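Reading through the structure tokens given below for one structure.
The values are calculated or read from the model by the stated rules, or taken from the named source; none is laboratory data. No experiment lies behind these values; they were computed from the predicted model shown. Note that we place each Cβ from the backbone using ideal geometry, even for glycine, and neighbour counts take in every protein chain shown. The area values use the complete protein model at the heavy-atom level, side chains included, leaving out ligands, DNA and RNA. Shrake-Rupley method; radii C 1.70, N 1.55, O 1.52, S 1.80 Å.
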Amino acid sequence: MRLSWPIRCLLLALLALVVWLLSAREISRNMEAMSYDLRAKLLSKRTPVHDDLCLVAVDDEDLKNIAKNRHSSWPWSDTLMLELHNYYQSASVEVYDVLFSEPRKPHVCQECERKLIIPEDEMLFSDIGNGARPVLSVAAPDNPDAPQVSIPLRHLIPAPQIEIKGMPAQQQFVVPHEAWLKTDAVLGHVESSREELGVMRSYRVLLPTADNEGNLRGYLPSLALRTVMRHRDLSMRDVSLDHKGLHIGDQVVACNPDGSFLFPESDPAKWTIYSAGNIISANGNQALHEDLDPSFFDGKIVLFGAMAEGLGDRLVTPAAQSERQRYGVEVHFEAINTLLNANPIRRTPVWVGWFICLLLLVLSALPFWERPARMVLFYLASLFALMATAIVLVLSGSWMIPLVLPFLGLTLGSTLFGTNYWQRERKARHDQEMLEQSKQTFTDMLVHDLKNAMTPVVMFVDFMRMHDHKVDPKVTGRLVEDVETASKNTLRLVENLLDIRRIQEGRLPLHRQKLSVHEFVDAKTDTFHRAAARTQKTLLVKNNIDPMILASFDTGILQRVLENLVWNAVKYGRLDSTIEIETSATAWEIIVRVSNHCDTLTEDFTTTMFDAFISGVANNDLIRSTGLGLAFCKLSIEAHHGEISAHSPWPGHEDGLQITVKLPRNVQPG
């Protein structure tokens, strides 16, 4: 069935509702997250690494060597930390992804036969904390036995500068050793969040804090944000968050409403990474590590953290899932790099995904795609264009457009309308095959009919030639009548064939005349009586219509319609049966019924019997038909804005067929 535009619009609305319901399900969110991760992984190959950023890492080999050579309570030995600081003290900022919350540990002399507990060298907190002004890590407590204190106000951004709603405030934190808090060191939180499929895609840049009564005290910057602020000598008053994004001095970084941003990952092969163990070795003997030069750290941001299996926390990120997971210090490295470059990943608004989805739905409903092959090409081309656009946007501008929502719209729309188009084409192909078969049958019938029609003519000529005009006038009269009937049938067959073509092409004009329907039917009944009598049937005419009722129609066309209907009833009626013609009228239409007694026809056949080349079974083998007569009748009646229908059995009888013609009564009674 060809879909009208109101039906198409209704189906589009239902499809949009289905897409909305599916998009809210967990599987859709997970699919969107997977598509995000794939694009983020592509972007990681193109993300630049800022020249001011380097990483000092402690790996498993460092742990082994330092613990062996220094006899200290590594990893957080005060003496070793001071040695590292002295090596890169020319750095702009020292950042420690380390919770210096452990109590001071005694030193155990492993060279002595008995364990001697001696005090460890006190770290010069003032040298590091006041001189380097490091950025230290703060975390929310996950151990109830750990010391938990509130953050001093000097480390918090005032609440009026931040526009975040609905985020729970943290009251207690695990902070560095109290000796650090007495210095000029600043604090940044290292809280991480995980989203769909347990992947960390966003970095929380601000964390609200509250007092014991739950009142908001301010916002604690993240380790990455505090690093950039210190690197650029910015104060708390230089940072704010609004609908435009995160303002860091004169720089604006796009952020989510909850104060987080989507960080693009970079290729670790581009990073500048130094081993903490090598730095300490070089600090004692520079010749051992000629590739290390303290001057390299001049003006740099030095991020210190653990990349050892026994110490580092592991996080799953978009670019590190099937491969090794990221250490926490690597995530902070990426976040600092994002803020320095001001290039976070940005998601388009929700309406963009719905716009693309609805656009693809509307495109899939266009009649142009009504060929299944075209619909398949449209689906593949649209899918390719959607994927290509998503990749180009993320690589060129770090924009992430929704993919699952448009994909659902494209798939559902193409499937629904494509299935309809496929079914229609299959039906059209089947109808075409049946038409070709019917045309072949029609050709056979047409040849046979023409042969039968011309046979009496040839026989009459041969008969007259053989008897040299010595023929009884009565016999000659019957032969002439047979020749006349055969000639008229042949002419009617040819005219039907030609007029069907003209009507279908709109080239058959109607020459309307105003006349009485009653008189028109009476004038034709004499011929019908003779045709019925010659085939051993009786014709009954019930011309009940008022003679004063006039109608406007093409008399030539309507005469042939009536002749076709009566001749059809004569051919297919049972021998010694009655054929009935009945006329009547209502206030709006004129009704003509032609009925005969024959075998009851199926409903399917009465529906298709007005199609060209459809033929029934005659009452003997001498009468055959091409099926053009009823097809001509249907087209002619419809050209007069009327309708024609068939009913079997004949209403009020056990068998038979009744053809009903209804014409509009467009002329008032005379």
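Taking segment 174-203, which residues are open to solvent by less than 30 Å² (accessible area, probe 1.4 Å) and either modelled with pLDDT under 85 or among the small types (Gly, Ala, Ser) (or both)?
VAL174, VAL175, PRO176, ALA179, TRP180, THR183, ALA185, GLY188, SER193, SER202, listed by residue number.
Quick check on my filter: what residues within segment 213-240 are in contact (Cβ under 8 Å) with a residue 60 or more places away in the chain and not aliphatic (A, V, I, L, M)?
Quick first cut of segment 213-240, residues in contact (Cβ under 8 Å) with a residue 60 or more places away in the chain only: 217-228, 230-231, 236-237, 239-240.
Of everything in segment 213-240, those that are in contact (Cβ under 8 Å) with a residue 60 or more places away in the chain and not aliphatic (A, V, I, L, M) turn out to be ARG217, GLY218, TYR219, PRO221, SER222, ARG226, THR227, ARG230, HIS231, ARG237, SER240.
Which ranges mark the strands (runs of 3 or more DSSP E) fully within segment 204-260 that have 3 or more residues being of a type outside the set (Asp, Glu) and open to solvent by less than 50 Å² (accessible area, probe 1.4 Å)? Spell out how you get there, then give the answer.
Details: elements: 206-210, 216-221, 239-242, 245-248, 251-253.
Hits in segment 204-260: 206-210, 216-221, 239-242, 245-248.
If we scan segment 280-294, do we find a residue that is part of a strand (DSSP E or B) and modelled with pLDDT under 90?
No: segment 280-294 contains no residue that is part of a strand (DSSP E or B) and modelled with pLDDT under 90.
For segment 587-615: of the residues being farther than 30 Å from GLN437 by Cα and at pLDDT below 90, which is least open to solvent (accessible area, probe 1.4 Å)?
If we filter segment 587-615 for residues that are farther than 30 Å from GLN437 by Cα, which is where we start, we get 587-593.
Applying the additional criterion that residues be at pLDDT below 90 yields 587-588.
Working: ALA587: 76, TRP588: 202 Å².
So the residue we want is ALA587.
Out of all the residues in segment 370-406, which are surrounded by fewer than 16 Cβ atoms within 10 Å (Cβ to Cβ) and of a type in the set (A, V, I, L, M, F, W, C)?
The answer is ALA373, VAL376, LEU377, LEU380, ALA381, PHE384, ALA385, MET387, ALA388, ILE391, VAL392, LEU395.
Would you tally the residues in segment 505-552 being more than 60 Å from the chain's Cα centre (by Cα) and part of a loop (DSSP other than H, G, I, E, B)?
Residues in segment 505-552 being more than 60 Å from the chain's Cα centre (by Cα) and part of a loop (DSSP other than H, G, I, E, B): 9 in total.
Quick one: which of ALA569, ALA587 is out of contact with any helix residue (DSSP H, G or I) (no Cβ under 7 Å at 6 or more places or on another chain) and closer than 19 Å to ASP526 by Cα?
One residue alone meets the criteria, ALA569.
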